[in-house]
Amino acid sequence: MRTETAPTITRLDYKPYPYRLPAVELLFDLDPAQTTVRATLQFERAGSQGDALILNGEDLELLSLVLDGKPLSSDEYELADSTLTLYPEQARFTLEITSLCRPADNSSLMGLYVSGDQLFTQCEAEGFRRITWFPDRPDVMARYRVHLRADKKRYPLLLSNGNLVAQQDLSEGRHEAIWEDPHLKPSYLFALVAGDFECREHTLTTRSGRSALLQVYSDRGSGAKTAWALDCLARSVRWDEQRFGLALDLDRFMVVAARDFNMGAMENKGLNIFNSAYVLADKDTATDAAYRAIEAVIGHEYFHNWTGNRVTCRDWFQLSLKEGLTVFRDQEFSADMLAQGLEGTEAVSARAVKRIDDVTTLRIAQFPEDAGPMAHPIRPESYQEIGNFYTATVYEKGAEVVRMQHTLLGEAGFRAGLDEYFRRHDGQAVTCDDFVSAMESVYSQRNPGKDLQVFRRWYNQAGTPRVTVTLSWNQATQTCSITLRQRCAPAGIEKLQDPPVAKPPLHIPFALGLLGRDGRSLALSHEGKSAETVLLELTEAQQTWTFENIPEAPVPSLLRNFSAPVMVEFDRPDADLALLAQHDTDPFARWEAGRELASRQLLKMVSAGASQSTVDPLFIDTWRSLLQDDNITDAYKARVLSLPSEKELLEKTEPLDPLGAVRACRELRGALGKQLAPLWQKTYQSTLAQAGSEYSPDPVSAGKRALKNLALSYLMAGGAEFGRLAREQYYGAGNMTDRMGALSALMHYSAESERAAALEHFYQQWQQDPLVMDKWFSLQATAPDATVETMRSLMLHPAFSLRNPNRARALIFQFCMNNLQGIHNVQGYDFWADQVLALNSLNPEVAARLARAFDNWARFAEPQRSGMRAALEQVQQHPELSRNVAEIISKALKI
Ligand code: B3K
Ligand code: ZN
């Protein structure tokens with residue numbers, strides 16, 4: 001805990017570390033109460049004589065320090081709060097540091113910590129310094145040899161990175177395992193695990209003919225739930241070979257599930273540690289969404305093996321180098337998995353489902369971030385706590401920036417660029433600029449005279465750009481001109497700068513199609529080719545393109561496949577959106593048109609006030625025709641027929657109007673449910689009839705379940721008479737997707753006694769399964785009538801613990817971030833402040849995530865605006881704020 005203001009670290013202040021560290025030997029005497037670590041570090045000077053050797057350390061007790069065999073006395077080094085400094089005279093020397101840490105007291109879950117009866121580590125970004133004194137920065141890469149010693153009964157399994165080279169029994173019931181990682185790595189990729197686990201494994205032969213052992217470890221008793229994770233891992237290995245030519249470089253690749261984990265998972269070299277939520281699945285306990293999330297996270301961590309581990313970041317400002325690129329890769333992996341075995345338009349629409357989900361996430365999580373006090377470029381310029389910069393901007397917008405390079409280069413060009421990146425930088429710690437340079441070498445070769453200089457600005461600029469479109473059709477010349485104008489308003493604290501920051505134009509790939517009034521695609525001639533979609537490269541503030549042989553005033557299909565992370569402004573009638581929603585051949589743009597139509601309808605309902613609004617027949621007709629369209633897949637249909645969520649709608653209101661958003665969404669769902677009831681019933685019955693008796697998580701079956709559950713929720717929204725269907729589905733469900741689909745419909749639309757009975761039944765059935773109990777808590781946190789009182793009484797439930805991040809997220813985060821009605825009142829704001837402070841002293845990283853719930857307080861109207869501000873001030877006044885929370889709150893209050 002710190003009370004003083006933490007220093008700001010600035011990107012341009014980077015300096016190379018003055019020492020190299022070719023070899024590291026670590027000896028752990030593991031014990032939950034106190035673990036002794038002896039680190040033997042071989043240093044070589046890389047800078048000038050006299051350069052200080054500064055090591056990082058936190059919450060460690062230094063026991064001894066030995067330089068080249070000679071113990072050092074306390075006047076031979078400087079020991080400060082979080083650094084240990086020496087001034088070695090030798091050019092090469094060995095430093096042996098013995099220190100002590102206390103895993104059982106470590107509730108931050110960074111460094112070495114206890115979860116249940118197991119020991120885990122989490123080192124990214126700066127957790128290794130909680131294990132031993134070390135140059136804890138990503139550009140210091142070393143070869144590690146690790147000895148793990150522990151009680152054999154309690155910790156029968158001892159794992160670390162790389163290969164197991166020896167194992168032996170020691171005295172007093174202890175044993176030892178020795179691991180050696182053949183690859184150089186930075187400290188953030190170090191890992192160890194100790195405990196009793198079940199293991200599921202598979203031996204795979206890589207494309208080059210090497211055999212590799214894939215293993216998934218989980219708690220005893222949960223081994224039956226790891227089949228899907230292991231399957232995902234094997235498919236990830238194959239996919240990276242096929243799509244990017246990247247092979248597994250290890251003999252053994254391990255995934256271990258942890259019950260207590262701060263985030264999703266961690267890509268430690270050869271020893272990935274996962275939140276159990278992204279490993280364990282079976283049909284009775286995991287939903288289809290959970291299956292897909294496991295696939296995405298297993299893929300993501302595996303793909304880091306190349307994009308992150310083989311080539312890593314020079315410093316933490318470059319985080320998007322590995323995260324943006326790896327998110328792009330996992331998105332592509334998931335899309336390819338959805339389209340597996342499909343062809344033509346079916347494959348295109350299957351991939352679009354993934355794109356729709358990813359863009360929805362971007363809009364809910366990243367666009368608001370880019371409009372708030374934490375706005376930052378994908379390569380931030382400064383931070384106080386790097387843990388606060390694992391953001392939607394670095395990850396999701398970062399992935400969009402990589403995707404734009406993929407769009408500009410094409411699949412083959414991007415692959416050539418990535419090959420070049422590895423050719424230049426394998427084994428190095430590099431920068432985002434190095435990545436773009438590799439891509440640019442291919443781009444310039446394929447587009448003589450062009451470069452990616454303007455494109456690089458995406459790495460410097462925060463804020464979501466807006467692209468305004470104007471279109472004019474000339475009947476006499478049969479030409480159509482499109483003008484695109486871009487601007488990017490000041491973002492976050494830029495708003496306080498006077499004069500305003502200059503924001504030069506960005507390089508925006510803008511995919512465009514034109515439709516005739518009958519819904520047919522019009523051919524477009526561009527750069528000597530004729531196509532249905534053209535890619536315009538907007539690099540200036542304003543540019544115009546003219547297309548010939550356009551026989552009628554067309555309806556434009558804009559930003560196809562969401563070709564850039566921008567907002568598009570184009571004034572057009574609802575009828576054009578309805579036409580696109582029914583005919584656009586680009587499935588993303590088609591979904592987008594329906595979405596825009598629904599948003600317009602919802603916004604009208606927000607401004608009309610309670611029960612004053614009517615629903616436009618054009619909107620109902622569009623939804624009706626989509627519902628009746630037999631040419632689209634169920635999964636895609638479930639996406640196009642869903643309404644924007646309350647949070648999506650909230651972002652479009654001005655000032656932000658949470659209660660209006662909640663009301664409008666409920667009213668429109670009700671109206672659609674009622675007016676289209678016979679069609680929803682038909683859809684429900686036919687998807688029900690098509691469901692096989694065996695559960696399978698494959699995308700086609702999952703698509704049917706998604707559509708069926710959507711139909712059920714509309715029916716319930718439309719009228720109480722359909723409660724019977726939901727009850728039957730809930731009590732008779734053969735898998736968790738159907739069970740949850742019915743239970744959440746009941747939670748939203750049925751009477752109190754019915755809900756209570758279903759919740760009690762669910763509890764009795766699943767109280768032994770922590771991941772299912774998380775769902776039980778979440779359902780109650782997001783129920784429309786949940787209040788702070790409900791939360792406070794659920795927190796007293798014996799199954800609740802603030803120390804378990806999954807449980808805290810299931811109950812507290814869900815209420816504070818996703819229950820707009822429950823949280824936006826004085827009691828809600830107080831509750832939030834209490835929980836941020838309670839977490840602040842336990843787990844600063846998790847606390848800082850919750851602290852971000854009110855980032856955008858200044859965009860709300862009164863009384864919410866003042867209410868949130870007061871709660872933020874209350875948190876700020878706490879005398880012992882962690883660096884993590886302090887940074888978030890002080891930025892929020894600066895706006
Ligand atoms: N690299 C980790 C994230 C670590 C977060 C540390 N606060 C997981 C991932 O993105 O793959
Ligand atoms: Zn990652």
| field | Computed over the chain: relative contact order in percent, which uses C-alpha pairs under 8 Å that are six or more apart | value | 9 percent
| task | Lys and Arg at +1, Asp and Glu at -1: add these up for the other residues within a Cβ distance under 9 Å of Leu67 and post the number. | result | -2
| request: Please turn the phi angles of region 595-602 into ³J(HN,Hα) values with the Karplus equation 6.51 cos²θ - 1.76 cosθ + 1.60 (θ = phi - 60°), one per residue in order, whole Hz, x for glycine and proline. | output: 4, 5, 4, 5, 5, 4, 4, 5
| query | Taking a label point 7 Å from the Cα of Thr544 along the Cα→Cβ vector, which residues of region 482-513 have an amide N closer than 11 Å to it? | reply | 482-484
| Going by alpha carbons, how many degrees (0 to 90, nearest 10) lie between the helix axis of 319-339 and the longest principal axis of the chain? | 50 degrees
| remark: Once Thr40 and Glu180 are pulled to full extension, the length gained, defined as 0.36 nm per residue separation minus their Cα-Cα distance, is 49.0 nm
| query | Which FRET efficiency value, to the nearest 0.05, do you get for Gln690 and Gln475 by plugging their Cβ-Cβ distance into 1/(1 + (r/R0)^6) with R0 = 41 Å? | reply | 0.25
| task | Pop a pseudo-label 7 angstrom from the Cα along the beta-carbon direction at both Ala227 and Lys152 and give the gap in nm to one decimal. | result | 3.4 nm
| message | Run the helix sum for the chain: -39,500 (n - 2.57) per DSSP H stretch of 4+ residues, divided by residue count, reported at 222 nm to the nearest 500 deg cm²/dmol. | response | -12500 deg cm²/dmol
| said: Pairs of alpha-carbon atoms within less than 8 angstrom and 6+ residues apart define the contacts here; what relative contact order does region 19-195 have, in percent? | reply: 25 percent
| said: Cβ neighbours within 10 Å, averaged per peptide: list 420-428, 825-833, 309-317 in order, most packed at the top. | reply: 309-317, 825-833, 420-428
| request: Can you check how the C-alpha radius of gyration of region 818-877 compares to 2.2 N^0.38 Å, as a plain ratio? | output: 1.05
| note | Largest-first semi-axes in Å of the equivalent ellipsoid built from the Cα gyration tensor of region 576-713 are 27, 16, 14
| Mean separation of Cα contacts under 8 Å, 6 or more apart, over the residue count of region 480-550: relative contact order % | 43 percent
| query | Excluding Asp29 itself, what net charge comes from residues whose Cβ is under 9 Å from its Cβ, given Lys and Arg +1 and Asp and Glu -1? | reply | +2
| Relative to the longest principal Cα axis of the chain, at what angle does helix 398-425 sit, 0 to 90 degrees, rounded to 10? | 30 degrees
| Dipole of the chain, Cα-centred, from +1 at each Lys and Arg C-beta and -1 at each Asp and Glu C-beta, to the nearest 20 debye? | 1120 debye
| query | Can you run phi through the Karplus equation (6.51, -1.76, 1.60; θ = phi - 60°) for region 286-297 and list ³J(HN,Hα) in whole Hz, with x for Gly and Pro? | reply | 10, 7, 4, 4, 5, 4, 5, 5, 4, 4, 5, 6
| Dividing the alpha-carbon radius of gyration of the chain by 2.2 N^0.38 Å (N being the number of residues), what value is obtained? | 0.96
| said: Students often forget the sequence filter, so: which lysines lie under 16 Å Cα-Cα from Lys495 once same-chain residues fewer than 8 apart are removed? | reply: Lys503, Lys891, Lys894
| note | Around Ala52 (Cβ within 14 Å, Cβ-to-Cβ, excluding Ala52; K/R +1, D/E -1) the net charge comes to -2
| message | If you fit an axis through the alpha-carbon atoms of helix 752-766 and take the longest principal axis of the Cα set of the chain, what angle between them do you get, 0 to 90°, nearest 10? | response | 40 degrees
| request: Check cross-link reach from Lys647 to the aspartates and glutamates: straight Cα distance under 18 Å, and skip same-chain residues fewer than eight apart. | output: Asp357, Asp358, Glu369, Asp370, Glu396, Glu592, Glu596, Asp657, Glu667, Asp785, Asp855
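Coordinate-derived values only; no laboratory data. Keep in mind that this is a model prediction, so the values were computed, not measured. So basically every Cβ, Gly included, is an ideal-geometry build from the backbone, and we count neighbours across all protein chains shown.
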